[in-house]
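Undergrad: Sharing a structure with you now.
The values are calculated or read from the model by the stated rules, or taken from the named source; none is laboratory data. Only a predicted model underlies this, so the values are computations on that prediction, with no experimental measurement involved. Cβ: placed from backbone, ideal geometry, glycine included. Neighbour counts: every protein chain shown.
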Amino acid sequence: MMKMKVTDDLGRVIYLIKTPRRVVSLCPSLTETLFDLGLDDLVIGRTDYCVHPEEKLGAVQSVGGPKSVFLPVVESLLPDIILAVKEENDKKTLESLASLYYKCVIFDINSVEGALKMIEKLGEIFGRRERAAAMRASIGEGFSRVGRAAKNPSFIYMTWSSPYIAAGTGNYINSLLTGFGFNNCLSGSFRRYVRMELNELKRLEPDIIFLPSEPYNYTIADKIKFEKFFPGAKVVLVDGEMFCWYGSRMEKAGGYLKDLFKGLGVVRESRES
């Protein structure tokens, strides 16, 4: 491998003189994507929240949570490269890792296009350009079949409870949903995540409220509560991984979103496979 210059999403530049062989991934989406790019043997460290692919993670050393990385464990693994995400990982931890001799690449994923570029960059770093290009093409094909929401239904996508927090703008979730023609009730906030009381959210009169399984695991009891509080909205429990895991998970997301939106009766039919 020729000497490679890699610029991460924070504008930091690192140089690689060979393909990294010992990789620590600090984000679940990245970890899954590495395995789906065929890099199983290279991943030596991951977080407690890296749960896919479940059957292959038993042999990979955990280094703690995304925001509570145990630095001595990372150091003991002697990684060639560390992969992290600005939103997912603790700032001080990232600064500490970047100050060490390790090569630390930090992604900042705020949109669908940013996620696709992340896949391409991983392909470049690890010599998997063709496989990364095929993954990106597969995602594009799947998304093209989802269809587009008619009449631009408004939505609130919840991310947390106690306090209630919902997705604003400038994040992957918003990019995903608005890309399919939905209108974010919180688009005027100009914040990535918005903390609001239910009474404040109710005044926004959303057409749809998405209650995901993560990062907060909303339940049927929550759905019933929201349906009573928002009688004019469709309240739906959804798989949070399909809305906020970028990378190879997006290949599965296309089919999931197509079925979900069709079930809600809010999309115009797209071309069939």
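Undergrad: Mind checking which residues of the stretch 160-193 are within 16 Å of Ser213 (Cα to Cα) and either charged (D, E, K, R) or without any contact (Cβ under 8 Å) to a residue 60 or more places away in the chain (or both)? Before you say what the answer is, go through the steps one by one.
TA: Step one: list which residues in the stretch 160-193 are within 16 Å of Ser213 (Cα to Cα), which gives 160-162, 164-167, 173.
Scanning the stretch 160-193 gives Trp160, Ser162, Tyr164, Ile165, Ala166, Ala167.
Undergrad: Working carefully through the options Arg131, Arg148, find the one that is surrounded by fewer than 20 Cβ atoms within 10 Å (Cβ to Cβ), in contact with a Lys or Arg (Cβ under 8 Å, 6 or more places away or on another chain), basic (Lys, Arg) and in contact (Cβ under 8 Å) with a residue 40 or more places away in the chain. Quick ask: steps written out before the conclusion?
TA: On the way: Arg131 fails: in contact with a Lys or Arg (Cβ under 8 Å, 6 or more places away or on another chain).
Every option except Arg148 fails the conditions.
Undergrad: Let me spell it out: the conditions are (1) in a helix (DSSP H, G or I); (2) in contact (Cβ under 8 Å) with a residue 40 or more places away in the chain; (3) not aromatic (Phe, Trp, Tyr), and Val105 meets all of them except one. Which number is the exception?
TA: Of the numbered conditions (1) in a helix (DSSP H, G or I); (2) in contact (Cβ under 8 Å) with a residue 40 or more places away in the chain; (3) not aromatic (Phe, Trp, Tyr), the odd one out for Val105 is (1).
Undergrad: Across the stretch 244-268, what is the number of residues that are in contact with an Asp or Glu (Cβ under 9 Å, 6 or more places away or on another chain), assigned to a loop (DSSP other than H, G, I, E, B) and of a type outside the set (Gly, Ala, Ser)?
TA: Within the stretch 244-268, residues that are in contact with an Asp or Glu (Cβ under 9 Å, 6 or more places away or on another chain), assigned to a loop (DSSP other than H, G, I, E, B) and of a type outside the set (Gly, Ala, Ser) number 2.
Undergrad: Please indicate, with yes or no, whether at least one residue in the stretch 114-125 is touching a residue at least 12 places away in the same chain (Cβ under 8 Å), out of contact with any Cys (no Cβ under 9 Å at 6 or more places or on another chain) and either in a loop (DSSP other than H, G, I, E, B) or assigned by TED's automatic domain parsing to the domain that holds Glu251 (or both). Walk me through it before giving the result.
TA: Narrowing the stretch 114-125 to residues touching a residue at least 12 places away in the same chain (Cβ under 8 Å): 114-116, 118-125.
Of the ones still in play, those that are also out of contact with any Cys (no Cβ under 9 Å at 6 or more places or on another chain) are 114-116, 118-125.
After this cut, where a residue has to be either in a loop (DSSP other than H, G, I, E, B) or assigned by TED's automatic domain parsing to the domain that holds Glu251 (or both) as well, the list is none.
The answer is no, given that none of the residues of the stretch 114-125 is touching a residue at least 12 places away in the same chain (Cβ under 8 Å), out of contact with any Cys (no Cβ under 9 Å at 6 or more places or on another chain) and either in a loop (DSSP other than H, G, I, E, B) or assigned by TED's automatic domain parsing to the domain that holds Glu251 (or both).
Undergrad: Here is a list of conditions, (1) of a type outside the set (Gly, Ala, Ser); (2) modelled with pLDDT of 95 or more; (3) surrounded by fewer than 22 Cβ atoms within 10 Å (Cβ to Cβ); (4) not assigned by TED's automatic domain parsing to the domain that holds Arg195, and Ile109 meets all of them except one; can you say which number that is?
TA: That leaves (3) as the condition not met.
Undergrad: Can you pull out the residues in the stretch 92-102 that are surrounded by fewer than 16 Cβ atoms within 10 Å (Cβ to Cβ) and aromatic (Phe, Trp, Tyr)? Please lay out each step first, then the result.
TA: If we filter the stretch 92-102 for residues that are surrounded by fewer than 16 Cβ atoms within 10 Å (Cβ to Cβ), which is where we start, we get 92, 95-96, 99-101.
Listed by number, the list holds a single entry, Tyr101.
Undergrad: Pick from the stretch 44-55 the residues that are in contact with a helix residue (DSSP H, G or I) (Cβ under 6 Å, 6 or more places away or on another chain) and surrounded by fewer than 23 Cβ atoms within 10 Å (Cβ to Cβ): which of them is farthest from Ile106 (Cα to Cα)? If you could, list the steps in order and put the result at the bottom.
TA: Taking the stretch 44-55 first, the residues in contact with a helix residue (DSSP H, G or I) (Cβ under 6 Å, 6 or more places away or on another chain) are 46, 49-50, 52-53.
Imposing the further condition that a residue be surrounded by fewer than 23 Cβ atoms within 10 Å (Cβ to Cβ) reduces the set to 49, 52-53.
Working: Tyr49: 18, His52: 20, Pro53: 22 Å.
Per the criteria, the residue is Pro53.
Undergrad: Restricted to the stretch 67-91, and to residues that are part of a strand (DSSP E or B) and either touching a strand residue (DSSP E or B) at 6+ places or on another chain (Cβ under 8 Å) or not aliphatic (A, V, I, L, M) (or both), which residue is surrounded by the most Cβ atoms within 10 Å (Cβ to Cβ)? Let's see the steps before the verdict.
TA: First, pick out the residues of the stretch 67-91 that are part of a strand (DSSP E or B): 68-69, 81-85.
Now drop any that are not either touching a strand residue (DSSP E or B) at 6+ places or on another chain (Cβ under 8 Å) or not aliphatic (A, V, I, L, M) (or both), which leaves 68, 81-85.
Details: Ser68: 12, Ile81: 21, Ile82: 26, Leu83: 29, Ala84: 26, Val85: 22.
By that ranking, first place goes to Leu83.
Undergrad: Quick check on my filter: what residues within the stretch 172-221 are touching a helix residue (DSSP H, G or I) at 6+ places or on another chain (Cβ under 7 Å), assigned to a helix (DSSP H, G or I), over 27 Å from Phe107 (Cβ atoms) and not basic (Lys, Arg)?
TA: Leu198
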